[in-house]
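Q: Please read through the structure below; I'll follow up with questions.
Each reported figure results from applying straightforward, stated rules to the coordinates on display, with no laboratory input. If you're wondering where the values come from, they're calculated on a predicted model, not measured in any experiment. Counting neighbours? That spans all protein chains shown, and the Cβs are built from the backbone with ideal geometry, glycine included.
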Amino acid sequence: MNFNISRRDFLKISALSLISSLFRKSPVTSAATNNDILCPRQLITDNCAASRVIMWHSKESHPQFQVQLKNADGTEKVFKGAYQRFTDDDTTIYIYRVKLDSLTPGTSYSYQIQMDSCTSPWYPLTTNDNDTIKALIFPDSQCSDGYITWKQVATSAFNDHPDTPLFINMGDLVDNGEASYQWRQWFDGIKAFMPMRVFAPLMGNHETYDLDWKCRLPKAFLNYFSFPDNGSTDFRNYYYSFDYGPVHFIALNSQFEEIDPIKPGLLQEQFAWLENDVRTAKKPWNVVLIHKDIINYENLNSPEPLADIDIVGKTFMPYFDKLGIDLVLTAHQHTYRRHGHIYNFSPSEDKGPVYIDTGVAGNCRYNVPRTKRFDKIMLPQPETDNYILLAGNASRLTVQCFLPEGKLMDTCTLTNSKQDISIQK
Ligand SMILES: [Fe+2]
Ligand SMILES: [Fe+2]
């Protein structure tokens, strides 16, 4: 999709917001005056039941740092890590990464970041058990309003579902991946919740845009977040997988069209990795997360066979069929659509993965037509924002779509026969 003109206008408009933000003391900036620990966050590992990555930024360099972990019985342990200087958009920060390992599944801890004379509050950290999952999933959160909409959607979701220790963002976290003020606003929007929950973000196409809206390697995204090792030397942090409760999540990268001219091989590398990853997974559910949806809404009336399946779908769906993927969550179209089961590129009653385009969690909204063939459920138009609650166990997995005010709009339940899907409205 090409939105260059409106976004250039947006950048001009946002200059005022940027200037004002430079002179406005946000709570995060205010804290940094006395405490240079910025944007503390928990990142997923390959096994979130036993380990966790803690990351944060600082404005100044602090070579002495650690994370102290406290058990419920008062036992404490110190973990060390690494840090690096990072410059992007003429802004330099220092990014810290500490991995906490040998944790006990289903256990409540607290952790504190300690850096020179700075300390963070003690934040709760809960490892999941291997039996259940409850996670919030946010679609595209890119905004042109200072990320006020993102803050509102996320705040409502976290407040209405306080017992969701995992949250996922489906990509396009920010509108422009090089604009450092947008990353600050994005982090600022969820600073009251982020340090206490574990986070898994996907790379969207907007993470690959530079300030001139040309594609670049997504430098900020790749450095702000750390992901489980995918074994790649060229595309570390571009795609990954992780286990959480009864679910094996496979986070694929749909940005091969943007990345390939700059750095080829992302797609071919994922094919081999995907087959091996899924075949060695040991969880009851295999759930794919991928930013771009599989429907080509710009070509719905073409007589060409498979015209309504886009390049991402044509590329990956045969693998999903072959590997027995249960659920595929997508985004990018900024609209909630439950496509239902699709097998061999055709709608099915019970074969193939269930596909759901997760919607939009920012203020950038598109008009997207309906395909009666694939859009089984969509929200009333024009739709606003929504988020997803994914919950379940080894025998049942439920995907619910909520509006920010808490109204439940769609429920889709998969049972462990993997061929049954019951629909409640
Ligand atoms: Fe988007
Ligand atoms: Fe996108």
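Q: Any idea how far apart Asp101 and Phe271 come out in nm if each label point goes 7 Å out from Cα toward Cβ?
A: For the pair Asp101/Phe271, the computed spacing is 3.3 nm.
Q: Also, quick follow-up: Return a whole-number percent for the relative contact order of region 175-223, with Cα pairs under 8 Å and 6 or more residues apart as the contact set.
A: 51 percent
Q: Using +1 at the C-beta of Lys and Arg and -1 at the C-beta of Asp and Glu, which of Val98, Asn128, Phe79 has the Cα lying farthest in the positive direction of the dipole of region 79-130?
A: Projecting each Cα onto the dipole axis, the largest value belongs to Phe79.
Q: Is region 320-397 rounded, prolate or oblate when judged by the Cα gyration tensor, a ≥ b ≥ c being the square roots of its eigenvalues, rounded requiring a/c under 1.5 and prolate requiring a/b larger than b/c?
A: oblate
Q: Place a +1 charge on the Cβ of each Lys and Arg in the chain and a -1 charge on the Cβ of each Asp and Glu, then give the dipole magnitude about the Cα centre in debye, rounded to the nearest 20.
A: It works out to roughly 540 debye.
Q: Of all DSSP beta bridges in the chain, what percent run antiparallel (nearest 5)?
A: Antiparallel bridges: around 75 percent, rounded to the nearest 5.
Q: On to the next question. Determine the relative contact order of region 133-424: mean sequence separation of Cα pairs under 8 Å and six or more apart, normalised by residue count, in whole percent.
A: Taking the mean separation of contacting Cα pairs over the length of region 133-424, I get 19 percent.
Q: Using the Cα atoms as the points, what is the convex hull volume per residue of region 133-424 in Å³?
A: 126 Å³
Q: Any idea how far the Cα center of region 138-184 sits from the one of region 69-110, in Å?
A: Centre-to-centre distance over Cα atoms comes out at 22 Å.
Q: Just list whichever of Lys134/Lys283; Lys282/Lys322; Lys283/Lys322; Lys351/Lys376; Lys214/Lys314; Lys59/Lys191 have alpha carbons separated by over 19 Å in the model shown.
A: Pairs exceeding the cut-off: Lys214/Lys314.
Q: Starting from the alpha-carbon convex hull of region 35-123, give the projected area averaged over all orientations, in nm².
A: 6.0 nm²
Q: Do you know the relative contact order of region 122-230, to the nearest whole percent, from alpha carbon pairs under 8 angstrom that are 6+ apart?
A: Across region 122-230, relative contact order equals 28 percent.
Q: Over the chain, with a Gaussian network built from C-alpha contacts below 10 Å, which listed residue (Asn301, Asn230, Asn128) shows the highest mean-square fluctuation?
A: Maximum fluctuation in the GNM of the chain, among the listed residues, is at Asn301.
Q: Then there's this: Placing +1 on the Cβ of each Lys and Arg and -1 on the Cβ of each Asp and Glu in the chain, which of Leu329, Asn35, Cys143 has its Cα farthest towards the positive end of the resulting dipole?
A: After comparing all options, I get Asn35.
Q: Starting at the first residue of region 237-251, write each ³J(HN,Hα) from the Karplus equation 6.51 cos²θ - 1.76 cosθ + 1.60 with θ = phi - 60°, in whole Hz, x for Gly and Pro.
A: Rounded to whole hertz, the list is 6, 7, 8, 6, 9, 7, 9, 9, x, x, 10, 9, 8, 10, 9.
Q: Further, regarding this structure: Angle, helix 148-160 long axis vs. longest principal axis of the chain, Cα atoms, 0 to 90°, nearest 10?
A: It works out to around 90 degrees.
Q: Oh, and also: Could you work out the helix-only [θ] at 222 nm for the chain, with each DSSP H run of four or more residues adding -39,500 (n - 2.57) and the total divided by the number of residues, to the nearest 500 deg cm²/dmol?
A: The helix-only estimate for the chain comes to -6500 deg cm²/dmol at 222 nm.
Q: To test your reading of the geometry: what angle, between 0 and 90 degrees and rounded to tens, separates the Cα axis of helix 311-323 from the longest principal axis of the chain?
A: 90 degrees
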